[in-house]
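The values are calculated or read from the model by the stated rules, or taken from the named source; none is laboratory data. This structure is a prediction, so every number in the text was calculated from the model and none was measured. Neighbour counts run over all protein chains shown; Cβ positions are idealised from the backbone, glycine included. What goes into the accessible areas is simple: the full protein's heavy atoms, side chains included, and nothing from ligands, DNA or RNA. Shrake-Rupley method; radii C 1.70, N 1.55, O 1.52, S 1.80 Å.
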Amino acid sequence: MAGLLCGTKKRKQVSDLQEDGKNAIITPLLHTDPELLPEDTLLEENAERTILDPTSREDLNFKDLQKVLIDWINSELEEDRIIVKDLEEDLYDGQVLQKLFEKLSGHKLNVAEVTQSEIGQKQKLQTVLEAVNVVLRPLDWNTEWSVDSIHSKNLVSIVCLLLALAIYYAAPIRLPEHVSIKVIVVKKKEGILQTAHVTKQLTSTTTEMMIGRSERDAFDTLLDHAPDKLNVVKTSLITFVNKHLNKLNLEVTELESQFADGVYLVLLMGLLENYFVPLYNFYLTPESFEQKVHNVTFAFELMQDGGLQKPKARPEDVVNLNLKSTLRVLYNLFTNYKNSE
């Protein structure tokens with residue numbers, strides 16, 4: 001009996017020793033913050049994850065912001081009979097995000113309508129986020145979302161994505177101002193998790209959010225305070241563009257409508273820079289919204305290749321017949337090529 005007890009004791013000591021050794025290896029890899037969940041610590045080397053501090057979930061301003069975003073989504077997708085009640089539970093699989101982006105951008109994404117599997121959901125999210133990032137990239141937007149963060153129901157990533165879309169597409173909503181939350185930033189470095197508690201600002205003032213993406217310029221002043229002089233400016237720009245487009249037997253009478261498909265912009269850049277633009281680079285007779293955006297985007301690239309600054313206008317605004325955006329683009333060409341023959 002004594003021998004049996006001794007053997008049992010030794011086996012227990014060995015087991016305890018093995019467990020201690022295992023813990024010594026694993027402990028540095030586990031989260032050091034009691035507020036983190038196990039899945040929050042699954043990071044690649046040098047990867048970083050931002051998690052909402054539990055105390056911010058009850059912040060009234062943050063709750064108000066979520067409600068405004070939910071109401072906006074439901075208003076946009078009312079025709080699709082989509083009702084969002086919870087951002088984390090209703091947006092993680094990509095279905096609502098797909099419909100929302102299609103409605104805002106005006107073009108359909110090539111994705112399966114219904115995806116039940118995790119792989120299918122992530123593939124849909126990948127397609128949606130790639131399309132979003134293409135739109136936001138020219139504005140150097142700091143993308144704080146990924147397929148994994150959205151699919152894991154990371155509320156910080158979901159809210160940041162929705163805010164970016166709402167601001168970019170000038171959503172007809174009033175976002176709560178000066179909303180900040182506390183987040184836990186987790187980073188793995190040399191196999192060890194490091195955590196930091198920081199305050200993250202989500203919204204600033206309405207003016208900065210909705211107008212600040214492009215500085216106000218002479219055209220804001222012109223349209224707001226001197227609309228009577230608008231025709232003078234339009235006439236000058238029409239004269240300028242026709243001086244060059246007439247070489248191709250083309251003529252412009254309406255700035256906002258005739259430049260909306262991007263064709264005249266592309267041809268005009270070729271004339272101003274004295275080169276032929278291959279027809280395979282753009283759609284000569286664009287039919288879809290996406291094709292028109294492609295043309296305008298391509299024209300913007302030609303402008304930058306010619307040494308001009310990146311246009312402040314968005315391609316989508318020009319396609320959507322936004323006069324102010326079209327005037328900005330054409331006036332930029334006028335100031336740089338007004339003496340060109």
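Below, the figures for the structure above:
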read-out	value
Among (1) touching a residue at least 40 places away in the same chain (Cβ under 8 Å); (2) within 26 Å of Tyr168 (Cα to Cα); (3) of a type in the set (D, E, K, R), the one test that Lys234 misses	(2)
Residue within region 133-141 that is within 30 Å of Val319 (Cα to Cα) and modelled with pLDDT of 85 or more present	yes
Any hit, region 163-178, residues being open to solvent by 80 Å² or more (accessible area, probe 1.4 Å), at pLDDT below 90, over 19 Å from Asp59 (Cα atoms) and assigned to a helix (DSSP H, G or I)	no
Residue check, Tyr337 at pLDDT 85 or above and either under 22 Å from Asn133 (Cα atoms) or open to solvent by 40 Å² or more (accessible area, probe 1.4 Å) (or both)	no
Candidate set from region 184-195 (those that are of a type in the set (A, V, I, L, M) and surrounded by fewer than 20 Cβ atoms within 10 Å (Cβ to Cβ)); member that is nearest to Thr205 (Cα to Cα)	Val185
Filtered residues of region 301-324 (kept if in contact with a helix residue (DSSP H, G or I) (Cβ under 7 Å, 6 or more places away or on another chain), assigned to a helix (DSSP H, G or I) and open to solvent by 10 Å² or more (accessible area, probe 1.4 Å))	Leu302, Pro315, Glu316, Asp317, Val319, Leu323, Lys324
Pick from region 67-114, criterion outside any helix (DSSP H, G or I), open to solvent by 30 Å² or more (accessible area, probe 1.4 Å) and touching an Asp or Glu at 6+ places or on another chain (Cβ under 7 Å), ranking: modelled with the lowest pLDDT	His107
Unique residue being under 21 Å from Ser236 (Cα atoms), out of contact with any Leu (no Cβ under 8 Å at 6 or more places or on another chain) and not hydroxyl-bearing (Ser, Thr, Tyr) when the list is Leu330, Leu321	Leu321
Considering residues of region 278-287 that are open to solvent by less than 50 Å² (accessible area, probe 1.4 Å) and either part of a helix (DSSP H, G or I) or not aromatic (Phe, Trp, Tyr) (or both) only, the residue nearest to Ser257 (Cα to Cα)	Pro286
Residue in region 283-298 that is over 23 Å from Glu102 (Cα atoms) and not aliphatic (A, V, I, L, M) present	no
Residue in region 141-150 that is under 25 Å from Lys63 (Cβ atoms), in a helix (DSSP H, G or I) and open to solvent by 10 Å² or more (accessible area, probe 1.4 Å) present	yes
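Residue-wise test of (1) β-branched (Val, Ile, Thr); (2) more than 26 Å from the chain's Cα centre (by Cα); (3) open to solvent by 70 Å² or more (accessible area, probe 1.4 Å); (4) modelled with pLDDT of 90 or more.
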site	(1), (2), (3), (4)
Val252	yes, yes, no, yes
Phe276	no, yes, yes, yes
Glu290	no, no, yes, no
His294	no, no, yes, yes
Ala299	no, no, no, yes
